[in-house]
Amino acid sequence: MSAPPLLALHGIFKRFGAVQALADVELEIHAGEVVALVGDNGAGKSTLVKVISGVAPADAGAVEWEGRSVQITRPHEARDLGIATVFQDLALCDNLDVVGNLFLGREIRRFGVLDEVEMERLTLGLLDTLAIRMPSVRLPVASLSGGQRQTVAISRSLLGEPKLLLLDEPTAALGIEQTAQVLDLVEQLRERGHGVLLISHNMGDVKAVADWIAVLRLGRNNGFFDVTTTSHEQIISSITGATDNAVTRRRAYEREVEL
(Lines give C-alpha, C1' and ligand atoms only; values in the text may rest on other atoms or scores of the structure.)
Protein backbone atom coordinates (compact mmCIF):
# COMPACT_ATOMS: atom_id res chain seq x y z
CA MET A 1 0.00 0.00 0.00
CA SER A 2 1.38 3.41 -0.96
CA ALA A 3 1.94 6.00 1.74
CA PRO A 4 -0.72 8.69 2.12
CA PRO A 5 0.17 12.18 0.90
CA LEU A 6 1.88 14.52 3.33
CA LEU A 7 -0.88 17.05 2.75
CA ALA A 8 -4.30 16.61 1.19
CA LEU A 9 -6.83 19.42 0.79
CA HIS A 10 -10.47 18.65 0.06
CA GLY A 11 -13.11 21.20 -0.91
CA ILE A 12 -11.29 24.26 0.45
CA PHE A 13 -13.26 27.51 0.49
CA LYS A 14 -12.03 30.95 1.52
CA ARG A 15 -13.84 34.27 1.29
CA PHE A 16 -12.65 37.81 2.05
CA GLY A 17 -15.77 39.92 2.40
CA ALA A 18 -17.58 39.83 -0.96
CA VAL A 19 -14.65 38.17 -2.73
CA GLN A 20 -14.65 34.37 -3.03
CA ALA A 21 -10.89 33.79 -3.14
CA LEU A 22 -10.99 29.97 -3.14
CA ALA A 23 -13.83 27.61 -4.01
CA ASP A 24 -13.80 23.83 -3.73
CA VAL A 25 -10.01 23.53 -4.11
CA GLU A 26 -8.35 20.10 -4.04
CA LEU A 27 -4.60 19.49 -3.71
CA GLU A 28 -2.23 16.67 -2.75
CA ILE A 29 1.50 16.82 -2.01
CA HIS A 30 3.62 13.72 -1.31
CA ALA A 31 7.00 13.40 0.35
CA GLY A 32 9.93 13.68 -2.04
CA GLU A 33 8.07 15.58 -4.75
CA VAL A 34 7.80 19.16 -5.94
CA VAL A 35 4.34 20.46 -6.83
CA ALA A 36 4.24 23.80 -8.64
CA LEU A 37 1.19 25.95 -7.97
CA VAL A 38 0.59 28.26 -10.93
CA GLY A 39 -2.07 30.64 -12.12
CA ASP A 40 -2.63 34.20 -13.24
CA ASN A 41 -2.64 37.14 -10.81
CA GLY A 42 -5.66 36.82 -8.53
CA ALA A 43 -6.02 33.09 -9.15
CA GLY A 44 -5.82 32.32 -5.42
CA LYS A 45 -2.25 31.02 -5.11
CA SER A 46 -1.17 33.25 -2.22
CA THR A 47 -4.48 32.69 -0.47
CA LEU A 48 -4.01 28.93 -0.65
CA VAL A 49 -0.52 29.28 0.85
CA LYS A 50 -2.01 31.33 3.68
CA VAL A 51 -4.64 28.65 4.28
CA ILE A 52 -2.03 25.87 4.47
CA SER A 53 0.31 27.93 6.67
CA GLY A 54 -2.46 28.91 9.09
CA VAL A 55 -2.24 32.63 8.33
CA ALA A 56 -5.77 32.72 6.88
CA PRO A 57 -7.68 29.55 7.87
CA ALA A 58 -10.14 28.05 5.41
CA ASP A 59 -13.83 28.84 5.84
CA ALA A 60 -14.79 25.30 4.85
CA GLY A 61 -13.22 22.08 3.64
CA ALA A 62 -11.05 19.30 5.05
CA VAL A 63 -7.30 19.14 5.61
CA GLU A 64 -5.45 15.85 6.02
CA TRP A 65 -1.87 15.50 7.20
CA GLU A 66 -0.23 12.12 6.62
CA GLY A 67 -3.63 10.51 6.31
CA ARG A 68 -5.30 11.99 9.38
CA SER A 69 -7.73 14.87 9.63
CA VAL A 70 -6.26 18.05 11.15
CA GLN A 71 -7.21 21.66 11.79
CA ILE A 72 -4.82 24.45 10.80
CA THR A 73 -6.10 27.70 12.26
CA ARG A 74 -2.84 29.31 13.45
CA PRO A 75 0.71 29.44 12.04
CA HIS A 76 2.10 27.53 15.03
CA GLU A 77 -0.26 24.65 14.28
CA ALA A 78 1.18 24.36 10.79
CA ARG A 79 4.74 24.50 12.17
CA ASP A 80 3.93 21.85 14.76
CA LEU A 81 2.73 19.51 12.00
CA GLY A 82 5.93 20.04 10.02
CA ILE A 83 4.94 22.75 7.53
CA ALA A 84 7.38 25.61 6.93
CA THR A 85 6.65 28.65 4.77
CA VAL A 86 9.07 31.03 3.07
CA PHE A 87 7.05 34.05 1.99
CA GLN A 88 8.11 36.33 -0.82
CA ASP A 89 9.34 39.10 1.53
CA LEU A 90 11.71 36.53 3.20
CA ALA A 91 11.40 38.31 6.62
CA LEU A 92 15.16 38.56 7.09
CA CYS A 93 16.92 41.06 9.37
CA ASP A 94 19.45 42.87 7.20
CA ASN A 95 21.63 43.98 10.11
CA LEU A 96 22.10 40.42 11.41
CA ASP A 97 24.53 37.90 9.95
CA VAL A 98 23.56 34.52 8.49
CA VAL A 99 23.85 32.76 11.85
CA GLY A 100 21.77 35.42 13.59
CA ASN A 101 19.01 35.14 10.99
CA LEU A 102 18.91 31.35 11.06
CA PHE A 103 18.51 31.25 14.83
CA LEU A 104 16.40 34.38 15.27
CA GLY A 105 13.74 33.50 17.86
CA ARG A 106 15.27 30.09 18.57
CA GLU A 107 18.68 31.10 19.88
CA ILE A 108 20.81 28.51 21.66
CA ARG A 109 22.01 29.56 25.10
CA ARG A 110 24.65 28.14 27.38
CA PHE A 111 24.63 29.24 31.02
CA GLY A 112 22.28 32.07 30.06
CA VAL A 113 24.57 33.41 27.31
CA LEU A 114 24.17 33.02 23.55
CA ASP A 115 26.21 30.03 22.39
CA GLU A 116 27.57 31.62 19.22
CA VAL A 117 30.04 28.78 18.64
CA GLU A 118 27.33 26.09 18.62
CA MET A 119 24.97 28.13 16.46
CA GLU A 120 27.74 28.76 13.93
CA ARG A 121 28.65 25.07 13.93
CA LEU A 122 25.04 24.07 13.23
CA THR A 123 24.71 26.74 10.54
CA LEU A 124 27.82 25.53 8.73
CA GLY A 125 26.63 21.93 8.99
CA LEU A 126 23.21 22.74 7.56
CA LEU A 127 24.60 24.78 4.68
CA ASP A 128 27.11 22.03 3.91
CA THR A 129 24.37 19.39 3.88
CA LEU A 130 22.42 21.48 1.37
CA ALA A 131 25.56 22.19 -0.69
CA ILE A 132 25.09 25.93 -0.14
CA ARG A 133 28.19 28.08 -0.45
CA MET A 134 28.42 31.36 1.47
CA PRO A 135 31.41 33.72 1.52
CA SER A 136 30.99 33.82 5.30
CA VAL A 137 28.18 33.03 7.73
CA ARG A 138 29.22 36.12 9.69
CA LEU A 139 28.42 38.59 6.92
CA PRO A 140 25.36 40.81 7.41
CA VAL A 141 22.50 39.54 5.27
CA ALA A 142 22.24 43.00 3.70
CA SER A 143 25.56 42.35 1.91
CA LEU A 144 24.38 39.09 0.29
CA SER A 145 22.99 38.64 -3.23
CA GLY A 146 19.30 37.99 -3.81
CA GLY A 147 19.92 34.30 -4.38
CA GLN A 148 22.00 33.99 -1.23
CA ARG A 149 19.30 35.76 0.80
CA GLN A 150 16.71 33.35 -0.56
CA THR A 151 18.82 30.33 0.41
CA VAL A 152 19.27 31.80 3.91
CA ALA A 153 15.50 32.10 4.29
CA ILE A 154 14.93 28.53 3.07
CA SER A 155 17.74 27.19 5.28
CA ARG A 156 16.22 28.92 8.31
CA SER A 157 12.92 27.16 7.66
CA LEU A 158 14.71 23.79 7.76
CA LEU A 159 15.96 24.19 11.34
CA GLY A 160 12.64 22.90 12.64
CA GLU A 161 13.04 19.78 10.45
CA PRO A 162 9.80 20.32 8.48
CA LYS A 163 8.39 17.73 6.12
CA LEU A 164 6.69 20.20 3.77
CA LEU A 165 8.01 23.55 2.54
CA LEU A 166 5.89 26.23 0.92
CA LEU A 167 8.03 28.52 -1.27
CA ASP A 168 6.25 31.66 -2.49
CA GLU A 169 7.90 32.98 -5.69
CA PRO A 170 11.45 32.09 -4.54
CA THR A 171 13.10 33.19 -7.81
CA ALA A 172 11.20 36.43 -8.36
CA ALA A 173 13.53 39.30 -9.32
CA LEU A 174 16.61 37.04 -9.33
CA GLY A 175 19.20 36.83 -12.09
CA ILE A 176 20.03 33.67 -14.02
CA GLU A 177 22.87 32.53 -11.76
CA GLN A 178 20.96 33.30 -8.55
CA THR A 179 17.87 31.52 -9.87
CA ALA A 180 19.95 28.43 -10.64
CA GLN A 181 21.25 28.47 -7.06
CA VAL A 182 17.72 28.49 -5.64
CA LEU A 183 16.47 25.79 -8.03
CA ASP A 184 19.43 23.59 -7.08
CA LEU A 185 18.34 23.96 -3.46
CA VAL A 186 14.77 22.94 -4.34
CA GLU A 187 16.14 19.77 -5.94
CA GLN A 188 18.21 19.14 -2.82
CA LEU A 189 15.06 19.38 -0.72
CA ARG A 190 13.30 16.80 -2.89
CA GLU A 191 16.27 14.44 -2.67
CA ARG A 192 16.18 14.75 1.12
CA GLY A 193 12.56 13.57 1.08
CA HIS A 194 10.82 16.88 1.69
CA GLY A 195 7.59 17.78 0.00
CA VAL A 196 7.73 21.17 -1.72
CA LEU A 197 4.91 23.44 -2.90
CA LEU A 198 6.48 25.94 -5.30
CA ILE A 199 4.50 29.03 -6.25
CA SER A 200 5.91 30.56 -9.41
CA HIS A 201 5.07 32.59 -12.51
CA ASN A 202 8.19 31.37 -14.29
CA MET A 203 7.32 28.35 -16.41
CA GLY A 204 11.00 27.69 -17.09
CA ASP A 205 11.62 27.26 -13.35
CA VAL A 206 8.52 25.13 -13.01
CA LYS A 207 9.47 22.78 -15.84
CA ALA A 208 13.02 22.54 -14.47
CA VAL A 209 12.24 21.29 -10.96
CA ALA A 210 8.56 20.39 -10.55
CA ASP A 211 7.11 16.88 -10.74
CA TRP A 212 3.50 18.06 -10.92
CA ILE A 213 1.77 21.31 -11.79
CA ALA A 214 -1.47 22.39 -10.13
CA VAL A 215 -3.30 25.21 -11.90
CA LEU A 216 -5.66 27.61 -10.17
CA ARG A 217 -7.99 29.86 -12.12
CA LEU A 218 -10.55 32.22 -10.54
CA GLY A 219 -10.01 30.50 -7.20
CA ARG A 220 -10.71 27.00 -8.48
CA ASN A 221 -8.74 24.02 -9.72
CA ASN A 222 -8.25 24.09 -13.46
CA GLY A 223 -5.87 21.20 -14.03
CA PHE A 224 -3.27 18.94 -12.42
CA PHE A 225 -0.50 17.93 -14.78
CA ASP A 226 2.49 15.59 -14.93
CA VAL A 227 5.41 17.80 -15.96
CA THR A 228 7.06 15.06 -18.04
CA THR A 229 4.02 14.43 -20.23
CA THR A 230 2.43 17.88 -20.49
CA SER A 231 3.36 20.50 -23.03
CA HIS A 232 4.04 24.13 -22.23
CA GLU A 233 1.06 25.09 -24.40
CA GLN A 234 -1.33 22.88 -22.40
CA ILE A 235 -0.30 24.49 -19.14
CA ILE A 236 -0.57 28.04 -20.49
CA SER A 237 -4.00 27.22 -21.92
CA SER A 238 -5.14 26.04 -18.51
CA ILE A 239 -3.77 29.17 -16.82
CA THR A 240 -5.39 31.58 -19.28
CA GLY A 241 -8.70 29.75 -19.43
CA ALA A 242 -8.50 28.50 -22.99
CA THR A 243 -9.15 25.03 -21.56
CA ASP A 244 -11.37 25.98 -18.62
CA ASN A 245 -13.10 23.12 -16.88
CA ALA A 246 -16.85 23.36 -16.52
CA VAL A 247 -16.75 24.54 -12.92
CA THR A 248 -14.34 27.37 -13.74
CA ARG A 249 -16.46 28.48 -16.70
CA ARG A 250 -19.52 28.61 -14.46
CA ARG A 251 -17.66 30.71 -11.85
CA ALA A 252 -16.46 33.13 -14.55
CA TYR A 253 -20.08 33.54 -15.72
CA GLU A 254 -21.23 34.15 -12.13
CA ARG A 255 -18.61 36.89 -11.73
CA GLU A 256 -19.76 38.56 -14.96
CA VAL A 257 -23.36 38.49 -13.73
CA GLU A 258 -22.29 40.00 -10.37
CA LEU A 259 -20.56 42.85 -12.25
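The values are calculated or read from the model by the stated rules, or taken from the named source; none is laboratory data. From a predicted model like this one, the values you see are computed outputs, not experimental measurements. FYI the Cβ positions are ideal-geometry reconstructions off the backbone, even for glycines, and counts take in every protein chain you see. With ligands, DNA and RNA removed, areas are computed over all heavy atoms of the protein, side chains included. Shrake-Rupley method; radii C 1.70, N 1.55, O 1.52, S 1.80 Å.
Before rounding to the nearest 500, sum -39500 (n - 2.57) across all DSSP H runs of length at least 4 in the chain and divide by the residue total; then give [θ] at 222 nm in deg cm²/dmol. Don't jump to the answer; show the numbers that get you there.
Working: 9 runs with 92 residues, N = 259.
Result for the chain, helices only: -10500 deg cm²/dmol.
About its Cα centre, what dipole magnitude does the chain give when the only charges are +1 on Lys and Arg Cβ and -1 on Asp and Glu Cβ, stated in debye to the nearest 20? Numbers along the way, then the final one.
Values: 25 positive and 34 negative charges, 86 e Å.
For this selection, approximately 420 debye.
Taking a sphere under 11 Å around the Cβ of A142 and counting the other residues whose Cβ falls inside, with K and R at +1 and D and E at -1, yields a net charge of -1. Between the Cα long axis of helix 146-157 and the first principal axis of the chain there is an angle of about 90°, rounded to the nearest 10. Dipole of the chain computed with +1 at Lys/Arg Cβ and -1 at Asp/Glu Cβ about the Cα centre; of L164, Q88, A21, farthest Cα towards the positive end is A21. Over all other residues within a Cβ to Cβ distance under 15 Å of E169, the charged ones net out to -1, with Lys and Arg as +1 and Asp and Glu as -1. Packing order of peptides 41-52, 178-189, highest average first: 41-52, 178-189 (average count of other Cβ atoms within 10 Å over each peptide's residues). For the options H76, H201, H232, a Gaussian network treatment of the chain with springs between C-alpha atoms closer than 10 Å singles out H232 as fluctuating the most. Comparing mean-square fluctuations of L114, L218, L144 from a GNM of the chain with C-alpha springs under 10 Å, the top value falls on L114. Sparse packing (at most 10 other Cβ atoms within 10 Å of the Cβ) combined with a DSSP loop state is found for the following trypsin sites (Lys or Arg not before Pro) in the stretch 104-205: R106, R133. Our note on the geometry: Cα centres of the stretch 169-241 and the stretch 1-60, 15 Å apart. Helix 116-129 axis versus longest C-alpha principal axis of the chain: approximately 50°, rounded to the nearest ten. In this structure the stretch 120-214 gives 42 Å² per residue of accessible area when probed at 1.4 Å with all protein chains present.
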